[in-house]
Structures are given as structure tokens and as C-alpha cells.
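The values are calculated or read from the model by the stated rules, or taken from the named source; none is laboratory data. Treat the numbers as computed from the prediction; the structure is a model and nothing was measured. Reconstructed Cβ throughout: ideal geometry from the backbone, glycine too, with neighbour counts over all protein chains shown.
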Amino acid sequence: MRRSTVALIGSAALVAASLGCTSNTITAVAPTPPATGSVATATASLKATAPAVQSPVNDQRTSALAPTTFTASAAVAQFASVALQYRFQLFNDAGALVQDSALLNSPSWTMATTLTPLKRYTWKVRAEYQGTAGPWSATASFLTPEQPPAFPGPIGNWQACGSITRKLDLVICVWNAVGPTNSVGDLEVTKRVAWLLRGEGAGLLLKASGENIVLWQGRSFSATRICYPNGQIYKLMNDAGPGGANSPAFDDNGFVEPEFYVPAIDPSRP
């Protein structure tokens, strides 16, 4: 083959290669945004410590099915002082996500969702800042309590107590109609006293943990206290709970934050 022929073939090959490169130019495609309602994600590149889980942990059995409060220590950013936010995630005993808290301004989350009785749940938390995320905390676990039973016995004519003006006598009258022997019975007294005093603003007291709380209407209430809109509470039972005297009272019990007040609810509602 003559040198002129080889040169011609080489030139054709270079042109073809040049055209091939032109036709395969890569075009950048914008990422698809997450679907509405999906759990937000953040790039795991925030230089911060992981929060330390505090409560509930170590298969602790919570005192109510709702609400549940999760707490952790604050994370610390390593290279700058910035206002971190926090994301909690709760999982059921099958490992499925139950709820994502979305971003919160402190490492504490009170979740109102009613959980399933006698189940094991796990949770974790991390810090986030402007779309970047720090490491997840260790995974914590807790157990849920039994569903509080319905009051088993018949309840007498408590409505007739409504004409009584002295508060202690009113409580005694309702107490006699109900006959409480445990926390569930105590709440039956409390919600009826609150209902009879609803005209002056009496209501119920939300209580998430501790003794003598009962789940009703999807919320956790103090079994023995009524509350007023300004946060003032009155104790209606002494030595309350199973095995106690559950005796009637009307004692000033101080104040709580008004946000824990719930207006009286008709006690005939299930």
C-alpha cells in the first residue's frame, strides 16, 4: 500500500473519532426531588458529635401508651458554634419506621401517637444543620405497658351530686357513686367531678409519666387530679392506685403549665 493511501485512511479515522466524541456528549440531569410527605434526608457530613440517648432506654417500660417523650443530650459541632437541630426516628418491633419527628430545635421530642400495648420499640436521634447531618446516636429501646382496662363495675347516679356546692362534699358524693379501687376507678371519679365543675373551667390534667395515669380518649391523664385553665390543680384522691385506700379529697396541689390542661370531657364517652 502506498504512503498516500495510508495517510488518507488515517485522516478519515481521525474525523470519525472526532464525530463520535461529539455525538456522545453527556448532559447533566437535575436530581428528582423527594416525594411530598416523604421523610426528609440530609447529607451525612456534619462535623458534630452524636447525641447520647437518655430516656426511655434499656427496655424501660413506659407508664402510658401516649404521649411518649424522648430525650437525649445535645450534640456539639466540632468546628463552629451553630444552632443545631435534631431529628428523632421511632421504629416498631419489626424494624419499620413508625414516625419521624422532622427537625426540632432541642434534643427532646414528645410524640402524641398512641403506641401498641406490650410491644418493644426502638429509637435514635441525630443533629442536623442546613441540610447536613451528623452521626446517629446509639439505638435505644423501650417497652409499652398494657392497655388500661375499662372500669368493670356499674356506676351509680353521680349526676345527682351536681347540686352540691362544697367541693369536698361533691367529690365524696361522686366517689360513693363510683366506688374506686384502683387508678382506672380514680379517673372515673376525676372525670365526673371535672364534668360537674366544667362551668367554672375545671378540666383534666395531662400526665405523661409517673404513677396513677390512665389512657383515655387517646391521651394520658392524671387519674386523681383536676386542672383549671391557669394551670392550677386539685388532688381528688389520697393513697391512690391498686391496694390503696383511694379515699376522696379536694386538696390544692399547686400549678402546672397551662398547656397540660384539657377541658372537661363528657364521661359517658368511651
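Filter the range 125-144 down to the residues that are outside any strand (DSSP E or B) and touching a residue at least 12 places away in the same chain (Cβ under 8 Å) and list them by number.
Gly131, Gly134, Pro135, Trp136, Ser137, Ala138, Thr139, Thr144
Among the residues of the range 76-84, is any touching a residue at least 60 places away in the same chain (Cβ under 8 Å) and surrounded by 13 or more Cβ atoms within 10 Å (Cβ to Cβ)?
No - not one qualifying residue is present in the range 76-84.
Failed condition for Gly199, given (1) outside the structural domain of Ser73 (by TED's automatic domain parsing); (2) surrounded by 14 or more Cβ atoms within 10 Å (Cβ to Cβ), with all others met?
(2)
Which of (1) out of contact with any Gly (no Cβ under 8 Å at 6 or more places or on another chain); (2) surrounded by 14 or more Cβ atoms within 10 Å (Cβ to Cβ); (3) part of a strand (DSSP E or B) does Gly254 not meet, given it meets every other one?
Among (1) out of contact with any Gly (no Cβ under 8 Å at 6 or more places or on another chain); (2) surrounded by 14 or more Cβ atoms within 10 Å (Cβ to Cβ); (3) part of a strand (DSSP E or B), the lone unmet condition for Gly254 is (2).
Just need a number here: residues in the range 144-178 that are among the polar types (S, T, N, Q) and at pLDDT below 95.
Residues in the range 144-178 being among the polar types (S, T, N, Q) and at pLDDT below 95: 2 in total.
What number of residues in the range 127-175 are surrounded by fewer than 20 Cβ atoms within 10 Å (Cβ to Cβ) and more than 32 Å from the chain's Cα centre (by Cα)?
16
Residues being under 24 Å from Leu65 (Cα atoms), of a type outside the set (A, V, I, L, M) and in a loop (DSSP other than H, G, I, E, B): count how many of those fall in the range 189-238.
8
Does any residue of the range 106-114 turn out to be more than 21 Å from Leu65 (Cβ to Cβ), out of contact with any His (no Cβ under 8 Å at 6 or more places or on another chain) and at pLDDT 95 or above?
Checked against the condition, which is being more than 21 Å from Leu65 (Cβ to Cβ), out of contact with any His (no Cβ under 8 Å at 6 or more places or on another chain) and at pLDDT 95 or above, the range 106-114 yields at least one hit.
When you look at Ser220, is it at pLDDT below 95 and small (Gly, Ala, Ser), yes or no?
In short, yes.
Out of the residues in the range 50-99 that are more than 30 Å from Phe221 (Cβ to Cβ) and in a strand (DSSP E or B), which is nearest to the chain's Cα centre (by Cα)?
Here the residue is Gln85.
So which of Ala177, Ala194 ends up being in contact (Cβ under 8 Å) with a residue 60 or more places away in the chain, assigned by TED's automatic domain parsing to the domain that holds Thr224 and of a type in the set (Gly, Ala, Ser)?
Ala194
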